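Reviewing the structure listed below.
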Amino acid sequence: MPEISVDVHIGRSVTEVYDFLSDARNLELWFSGVDSVTESAEPAGPGVVHVYRFPGRHRDQLLQCVAYVPGEHLVYRGDRMWNPLGAQTPMYSFTLSPRPRGTLLRLTVRCRLTGALTLLAPVVAMAWRRDLPRDVRRLGERLGAPHCHVISAPRRVRLPISVSTPTTATPTTVRPALAPPAPPRPQLRPEPRSEARPEPHPEAHPEARPEARPEPRPTSVPAAKERSPRPAA
């Protein structure tokens, strides 16, 4: 539900400003949210229903006074308006407080949107944010105070936002500052290793088995010749 507010200082007393706002027929003179209002047989007060027409609509709607505190607070609520995208229900709130040189008026507009119109909430809020400052200036002109001062323009818009509240608080992790990257180290190529090849086992490859050579027989030593005895001298 978009909600937009604007504050304006009007150089008139609280009684004069409130009496002018409590007559719903005066809304069509300065307020852009009301196109026309018919006169009601009942006096101003809570529960009084007026017939009005919203700008851009060709059918009459109901405008009811739902809050009425003389000199302080006044709220009008419009009838629910349907269209192919959904429905909207406008509400106009006026809050007054006395000031030394006039009256401080806060005008708040709320729009309850349903259906696909909820997707257009930013567009609706932007339109009210654009029109409200001009509306309150026209109100000052109607009251004979053309130099009314808009104190706070509607800059922030309240939109329906679904916030999920966690059950437990999640601790915040602080990441340490990143150190500067170290320079790359020179990569040394490893020296090639000479792998010792295992000697083949002779039984594994019989064809590579060395031939057995016959051992040489020892040569027979000739027998010593018999020596003849030496003759005696």
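No value in this document is a laboratory result; all are computed from the given coordinates. Note that the coordinates shown come from a computational prediction; the quantities given were computed from them, not determined experimentally. Cβ atoms come from the backbone with ideal geometry, glycine included; neighbour counts cover every protein chain shown.
Taking first residues from the stretch 95-116 that are on the phi > 0 side of the Ramachandran plot and partners that are hydroxyl-bearing (Ser, Thr, Tyr), the Cβ contacts under 8 Å between residues at least 6 apart in sequence or on separate chains come to 102/13. Checking the stretch 33-45 against the condition returns a match, with at least one residue being in contact with a Cys (Cβ under 9 Å, 6 or more places away or on another chain), farther than 28 Å from residue 120 by Cβ, surrounded by fewer than 19 Cβ atoms within 10 Å (Cβ to Cβ) and among the aliphatic types (A, V, I, L, M). Residues that are within 34 Å of the chain's Cα centre (by Cα) number at least 3 in the following strands (runs of 3 or more DSSP E) confined to the stretch 5-124: 73-78, 81-83, 86-99, 102-115. Contact map, the stretch 21-38: first residue more than 18 Å from residue 132 (Cα to Cα), second residue in a loop (DSSP other than H, G, I, E, B) and aliphatic (A, V, I, L, M), Cβ cut-off under 6 Å, separation 6 or more or different chains; pairs are 22/44.
All conditions but one from (1) surrounded by 15 or more Cβ atoms within 10 Å (Cβ to Cβ); (2) farther than 20 Å from residue 147 by Cα; (3) out of contact with any His (no Cβ under 6 Å at 6 or more places or on another chain) apply to residue 85; the one that does not is (1).
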